[in-house]
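Below is one structure, written out as structure tokens; the observations come after it.
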Amino acid sequence: AAADYGTAGSVRNAAELLTDRFIVISGDVLTDFDISAALDFHKQKGAKATILLTRVPNPLQFGIVMTDSEGRITRFLEKPSWGEVFSDTINTGIYILDADVLDLIPYQRDFDFSKDLFPLMLSKNMPLYGYISTGYWRDIGNLNEYQIASMDVLDKKVNITISGEYRNSCIVGRDVVLAPSAVFSGMVVLGNNTTVGNNAKLHNCVVGNNVTIGSSAHLSGVVLWDNVIVGEGASLTDDVICNDTVIGGDSTITENVFIAEGCIIGREATLLPNIKLWPRKQVEAGAILSRSLVQEEKWLRELFTDARITGLSNIEVNPEFAAKLGSAVGNAVGANVRIVASRDADASSRMTHRALMSGLMSVGVSINDLQVTSIPQTRQELRNGKAVAGIHIRRSIRQHDKTDIILFNSDGRDLPSAKAKSIERFFFGEDIRRVPFDKVGSINFPERTNETYISRFKDTLNIDAIAEKHFKMLIDYSFGLASNIFPHILGKFKATVVSMNNYMDAS
């Protein structure tokens, strides 16, 4: 259907094909229920609709169905609290329906089985029954449930037939090549045209077609789709890897990582637990990935280019990234110190600036917030001995859809590479040390920073010599930060000045 008509409304669209009793099964369910037994129950009871039910230990996330001793449904309860739980039988999303029930469903309208149709039948006192099924049932509507269901198949918790030939403790498809020294344990299923290299170890894995697993690779609890390449020495644990993805040699994919199709993971890269990669992402060789990649195209091994970090505004350099970077910087410089922070007038810079300061404060670092201030002023403030480091955030002067984060040493010079490496170790290592609530850093707003900078600037010039020349100047401020400072300096030059674009424009 072109529109979303809900679960029941969508089935109503196929009414001309459903002239007899029919069965509805949710597409995101894995089950081995005996549907024929439920169908016999439906016929025996003379039901118009039968909902297949199952018992679960924790019914809170499902819709509870209550029945009488004959199996007739007496009440529905959608996602109850524990205080409302009077039954552990839930709606499995599998229904047996007589064709005339479709007459209750409005045509091309949003209409749901559990929220609309069944309560309507209950209110009309129609024969609506629940059949409690035994066997395996799992809702695999999210990635974690899909991973669990895959392992349940291997553990034979669900009655399902897997086609293939038994060989070396594996079920293998056609044209599979297994190195003699490869080791398999638990249950391993290998698709057609798959190759497993020497000394590779696989435990409880599902492997698709046209997959290559390199020598000495270790895989445990992994699901690989088709056309995947796993490099030599790679290690994967409890992950799902989709089609056409390349896992570089000696890389480490930790627990519960989900990688979509067409991704490239470089050699010796590390993906930390519980992250997801959207399609066609790239992780650079040796990089440590600690968060999901959604809109970013790639994740680099190093954050810094010299003393600068540059990334797509609000995509690569977003509030979460900035807060984490602030925490990493704070851990690198130590608690109970002060850092100078400044930014340009861009809205993304302001957002990033505030997020980064929250990260600094969380690890006990206090901030001299210069707010909208130029880089030379920030350097000057550091030379006054006011802080151990400085940070300036701006819209990139090279690509306006990117944000630059520039770091300075305590003397106002660009941050040395050794200190940048220290920050990267904290950022990628995930071992950020927070401070107690009463040790959180503070924010200070220094006064007269413009006046101090102007005075120092003038002290470096021979004002009288410049004034004698009576210069004529055309100055384009380009809507930048200099428009705040330079006009005050020019007043002493006795020059004729024509100014253009001499105000700040955040756009």
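Going through the stretch 375-420 one residue at a time, which ones are over 18 Å from Pro446 (Cα atoms), basic (Lys, Arg) and modelled with pLDDT of 90 or more?
Result: Arg394, Arg395, Lys402, Arg413, Lys419.
So if I check each of Ala341, Ala335, Ala345, Ala328, which one is over 18 Å from the mean Cα position of the chain (by Cα), hydrophobic (A, V, I, L, M, F, W, C), farther than 23 Å from Val440 by Cα and in the same structural domain as Phe408 (by TED's automatic domain parsing)?
On the way: Ala341 fails: farther than 23 Å from Val440 by Cα; Ala335 fails: farther than 23 Å from Val440 by Cα; Ala328 fails: farther than 23 Å from Val440 by Cα.
Exactly one of Ala341, Ala335, Ala345, Ala328 is over 18 Å from the mean Cα position of the chain (by Cα), hydrophobic (A, V, I, L, M, F, W, C), farther than 23 Å from Val440 by Cα and in the same structural domain as Phe408 (by TED's automatic domain parsing), namely Ala345.
Keeping to the stretch 9-45, report how many residues are within 23 Å of Tyr107 (Cβ to Cβ), surrounded by 14 or more Cβ atoms within 10 Å (Cβ to Cβ) and charged (D, E, K, R).
Residues meeting the conditions: 2.
Taking the stretch 224-238 as the region of interest, how many residues are free of Cβ contacts under 8 Å to residues at least 40 places away in the same chain and closer than 16 Å to Asn274 by Cα?
Taking the stretch 224-238 as the starting set, the residues that turn out to be free of Cβ contacts under 8 Å to residues at least 40 places away in the same chain are 224-237.
From what's left, closer than 16 Å to Asn274 by Cα: 235-237.
Qualifying residue count, the stretch 224-238: 3.
Report yes if some residue within the stretch 97-109 is closer than 26 Å to Arg21 by Cα, over 34 Å from the mean Cα position of the chain (by Cα) and part of a strand (DSSP E or B); otherwise report no.
Yes, the stretch 97-109 has at least one match.
Please verify whether the stretch 58-80 includes one or more residues that are of a type in the set (D, E, K, R), at pLDDT below 85 and touching a strand residue (DSSP E or B) at 6+ places or on another chain (Cβ under 9 Å). Don't jump to the end; show me each part of the working.
Taking the stretch 58-80 as the starting set, the residues that turn out to be of a type in the set (D, E, K, R) are 68, 70, 72, 75, 78-79.
Now restrict to residues that are at pLDDT below 85: 78-79.
Within this subset, residues satisfying the condition of being touching a strand residue (DSSP E or B) at 6+ places or on another chain (Cβ under 9 Å) are 78-79.
Checked against the condition, which is being of a type in the set (D, E, K, R), at pLDDT below 85 and touching a strand residue (DSSP E or B) at 6+ places or on another chain (Cβ under 9 Å), the stretch 58-80 yields at least one hit.
If you scan the stretch 345-356, which residues turn out to be surrounded by fewer than 23 Cβ atoms within 10 Å (Cβ to Cβ) and either under 14 Å from Arg308 (Cβ atoms) or of a type in the set (A, V, I, L, M) (or both)?
Ala345, Ala347, Met351, Ala355
Does at least one position in the stretch 305-317 carry a residue that is within 27 Å of Leu143 (Cα to Cα), buried (at least 19 other Cβ atoms within 10 Å of the Cβ) and in contact (Cβ under 8 Å) with a residue 12 or more places away in the chain?
The first filter runs over the stretch 305-317 and keeps only residues within 27 Å of Leu143 (Cα to Cα), leaving 314-317.
If we keep only those that are buried (at least 19 other Cβ atoms within 10 Å of the Cβ) as well, we get 316-317.
Of the ones still in play, those that are also in contact (Cβ under 8 Å) with a residue 12 or more places away in the chain are 316-317.
There is at least one residue in the stretch 305-317 that is within 27 Å of Leu143 (Cα to Cα), buried (at least 19 other Cβ atoms within 10 Å of the Cβ) and in contact (Cβ under 8 Å) with a residue 12 or more places away in the chain.
Would you mind stating whether Val283 is surrounded by 20 or more Cβ atoms within 10 Å (Cβ to Cβ), in contact with a Gly (Cβ under 8 Å, 6 or more places away or on another chain) and assigned by TED's automatic domain parsing to the domain that holds His392?
Values: surrounded by 20 or more Cβ atoms within 10 Å (Cβ to Cβ): yes; in contact with a Gly (Cβ under 8 Å, 6 or more places away or on another chain): yes; assigned by TED's automatic domain parsing to the domain that holds His392: no.
Answer is no for this residue.
Do the conditions hold for Asn204, that is, is it farther than 18 Å from Gly249 by Cα, in the same structural domain as Thr237 (by TED's automatic domain parsing) and in a loop (DSSP other than H, G, I, E, B)?
Numbers: farther than 18 Å from Gly249 by Cα: yes; in the same structural domain as Thr237 (by TED's automatic domain parsing): yes; in a loop (DSSP other than H, G, I, E, B): no.
In short, no.
The values are calculated or read from the model by the stated rules, or taken from the named source; none is laboratory data. These numbers were taken from a predicted model, which means no experiment stands behind them. A quick note on method: Cβ atoms are made from the backbone with ideal geometry, for glycine too, and the neighbour counts reach across all protein chains shown.
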